[in-house]
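Have a look at the structure below before the remarks.
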């Protein structure tokens, strides 16, 4: 998951009003899932050191995609071996120059009519070893989070008895995303040991360059469309809710970023001698920016909201059902109020314009008493269905032109400057669109039902993450339902130093993934 | 002069319409001044190496006030010696703890009824010797500006014949302000050699800490008010017009600077997950700033212009008479237009709000996709009579409060943040007020007339510099007319590396100061 902690962006969700999962006529399904859970749990309890050992072995392999493609190949070979041990057919998938290997595995189940692909990535963010308490490429078990009094290291080799479920495994990718892979394979092991037949044909797709921006993902999905054909995808990436509850996400906002530079005089000018005469680019930019967005978050660019698809009733109910975490958040963040006084979950399902920074004329304390030569601002747009980066770019640039701005792509030369009184350099990131799987499709309902059955209670249902994931690559390319079923603790230091996984989250992940494998085909039978 | 190059802030000024200086009945005065000029010029031509040598000796003394008070004492002793050679009575003046010495000198003239004080400062800006082409404390003569092809060093010790008036002397304070001191004393020498009696009692006040902000100037002026009593002051600080013409300035804008910091969440927040919910301090600041000033320079704060004293007819005529330099400036600076399409000189006689910089969320290319924790902006106000820093501060803060801002002086604690939705930290520099001497007083008219007679043509008359000088310290404390009569070339690299003086400017300065000494008492006789 390339986005940071998304904790509070989701919120605890009660059962959907009139929901399908626990309806009386589905009591048998719930019982069946509970049985799967108990049997897999029993197996896990006798294999904890083995499971953690397998994870530690995987974590020992450096996996920074941007650093070394050979590292990624070694990880891919190792994963291939882990899959083959379980009887998976495997292949290494690539597409195009520079593509790092993805690992594909398939476990065909006689009689199964549904096929589900589980997605995770096995590459990790770069590390700064100096910032880590221990070697990022050597898994260390500790009794709790670092910084908590009394936390100590545990030597599993000499430890006797069950492992405390609050213990944590520290290493790069301990949570993001190697542990979901190990959980999935442990789920297969547990089901097999219990004699429980999978209900679906099982495919895994393990990406090797997600933390480098998934530059070849779409190409790989397209090049191997037949191999990857399925009825649904389950994304294992991301953390659970900060309340500790399991969560499901059905979408993510798209994103596109904008850099604006406004130009003033070719050299800084003494603001006493020229300050009322030479146009001030910082002033021009404040007016440009103030005209884009009001203080309450409303985007003032005509047409910006026109492409927005209204929320469905289920999505509205899911958002409304979330408990009020806003007071705690405001307290934590020192905020007297929030924009438009809205609920967090409602706000992040709207398209947004965030001013992420601006700069002109030097830094505090040393900005000279001058008219600056230019002024820069950075803006991120977060998009919802059916917005696209291209449409947003067009609407913003149209607006700027209507406001009298001459748009350039490169810093203007003197001739251009002399020809146009208001010049703005506009550069965009490529960006990507939003994605949202309908929460009311049979697949979405079935995944929700099985996960609720497996956890024994309501899970947090997130119609869309506020943050951005390239879910569109799956949605747009595959045209099948995609649901995120993450398992790792929200406080895992993802992307940072001392990344870690809480053991209970690993155990929960095994049970949930086992339930999905064993029960999804029954909850969601193929039409005859 | 603590402000930078003010070149274009002034502009060439034709004779005032119906001006007094060249009126027919003043032809005798003009002839008298021309005679003084010719006689002093003749003397100078035979003493050029001696004059430059005296300047070089003074330039050999390091003079950074902020660096070493002993250096300033050595300069003061040296200057005292130079004055005593010419028969001046001298005193060292200080006032209060840490006050660096000012040098006072007086040459009483029998029968003179007017007393004029010439002001210059002998301290200089700090130097970075690595940036200089030669030792800043060793005067070097070169044939022209550095960077001009063919410029070479001249060894005066071996040079025969007259000095080329385009040659330049390079050293710290060569122009700012040691050469006006030497010019003034050369003027005294030249007049004496020609047998011309001064028309005024002559006092000099040489400050030793101007480049350090004149921290004791007001105190010194007050403590020695009797000694410094005079009918007018002539300020020798500053450069002439960039056209090469002599200029006179009668005022300068005041200045006060403001720092604004607006606060958001206590830590940066992922803008996908929180971006539409957590108030964005950068956005709030853009709206605050856009509400202070429009793109054309108009300050939108109610009452801001109420204290502005309208320009007098003479001031308007002086400004209107300036030649159009704006087209050249726009070409040089790459500007398609100027604010409000106004004349430069008109614009800098208005009070101004300059946004000198802002900053939030990191720097270009690396601003994280986050809601920033705070946003800063720096603003300078340039003031005209009768604005004061205190009045401006009050009006701005009243405006902010009306706009719903809670003003704090220090970064707010969590309790304050939770209590107020819009918090802005406001810090001000002390600032100082504007000053403007009436161009229509007899003293102003007489100085103008003599300088025009001495230069033989129209001079640039600047009702007020756009930049700021602490002229108010003289105006408010002394309550006598103050006129700036600078002599050094505008392209002197004042405050920078390779500061220099063009020899012709030194020669012109000698003639103009000689004319003022010899003729001002006659042009401006004391009432009987």
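We did not get these values from a lab; they are worked out from the coordinates using the rules stated. Keep in mind the model is a prediction, meaning the values are calculated, not measured. Cβ: placed from backbone, ideal geometry, glycine included. Neighbour counts: every protein chain shown.
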Modelling each spin label as a point 7 Å along the Cα-to-Cβ direction, I'd like the residue B:35/residue B:138 distance in nm, to one decimal.
4.7 nm
Can you compute the modelled spin-label distance between residue B:157 and residue A:91, with each label point 7 Å from Cα toward Cβ, in nm?
8.9 nm
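Pull out a ≥ b ≥ c, the square roots of the eigenvalues of the alpha-carbon gyration tensor of segment B:343-430, then state rounded if a/c is under 1.5, prolate if not and a/b is larger than b/c, and oblate in the remaining case.
Oblate, since a/c reaches 1.5 and b/c is not below a/b.
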Inter-chain shielding metric for B:251-257, i.e. average beta-carbon neighbours from other chains within 10 angstrom, reads 2
Which distance in Å, rounded to a whole number, links the C-alpha centroids of segment B:314-350 and segment A:98-173?
68 Å
With a ≥ b ≥ c taken as the square roots of the eigenvalues of the C-alpha gyration tensor of segment B:29-68, please select rounded if a/c is under 1.5 and otherwise prolate if a/b is larger than b/c or oblate if it is not?
oblate
Return the average number of partner chain Cβ atoms within 10 angstrom of each residue Cβ along peptide B:291-301.
3
Within chain B, helix-based [θ] at 222 nm, where runs of 4 or more DSSP H residues each add -39,500 (n - 2.57), nearest 500
-10000 deg cm²/dmol
Let me know the mean shielding of A:461-468 by other chains, meaning the per-residue number of their Cβ atoms within 10 Å of its Cβ.
3
To the nearest Å, what is the center-to-center distance of segment B:219-254 and segment A:41-92, using C-alpha atoms only?
82 Å
Please say if segment B:202-267 is rounded, prolate or oblate, where rounded means a/c under 1.5 for a ≥ b ≥ c the square roots of the C-alpha gyration tensor eigenvalues, and otherwise the choice is prolate for a/b larger than b/c and oblate otherwise?
oblate
Using a label point 7 Å beyond Cα on the Cα-Cβ vector, give me the inter-copy distances for residue A:162 in nanometres, one decimal, shortest first.
10.8
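Please rank A:436, B:401, A:152, fewest neighbouring Cβ atoms within 10 Å first, as an exposure proxy.
Fewest-to-most Cβ neighbours within 10 Å comes out as A:152, B:401, A:436.
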Relative contact order (%) - criterion: Cα under 8 Å, at least six apart; region: chain B:
29 percent
Could you list A:113, A:286 in order of exposure, starting from the residue whose Cβ has the fewest other Cβ atoms within 10 Å?
A:113, A:286
Label distances, nm, residue A:74 versus same residue in remaining copies, Cβ-directed 7 Å point
6.6
Testing the spin-label approximation: label points 7 Å from Cα along Cα→Cβ at residue B:225 and residue A:331. State their distance in nm.
6.2 nm
Mean Cβ count within 10 Å, highest first, over the residues of peptides A:170-177, B:301-308, B:201-208
A:170-177, B:201-208, B:301-308
What is the helix-to-structure angle for A:48-59, meaning the angle in degrees between its Cα long axis and the longest Cα principal axis of chain A, kept from 0 to 90 and rounded to the nearest 10?
40 degrees
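Please state the relative contact order of segment A:413-528 as a whole percent: Cα pairs under 8 Å, 6+ residues apart?
In percent, rounded to a whole number, it is 31.
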Among A:522, A:339, rank each residue by its count of other Cβ atoms within 10 Å, from fewest to most, as a rough exposure measure.
A:522, A:339
At q = 0.05, 0.07, 0.08, 0.11 Å⁻¹, what is the log10 ratio I(q)/I(0) for chain A, with the Debye formula run over Cα points and no solvent?
-0.23, -0.44, -0.57, -1.00
At residue B:332, label 7 Å along Cα→Cβ: distances to the other copies, nm, ascending?
5.7
Residue and distance (whole Å) for the chain B Cβ nearest the axis that superposes B on A:
B:290, 2
For segment B:389-403 and segment A:379-457, write down the distance between their C-alpha centroids in whole Å.
39 Å
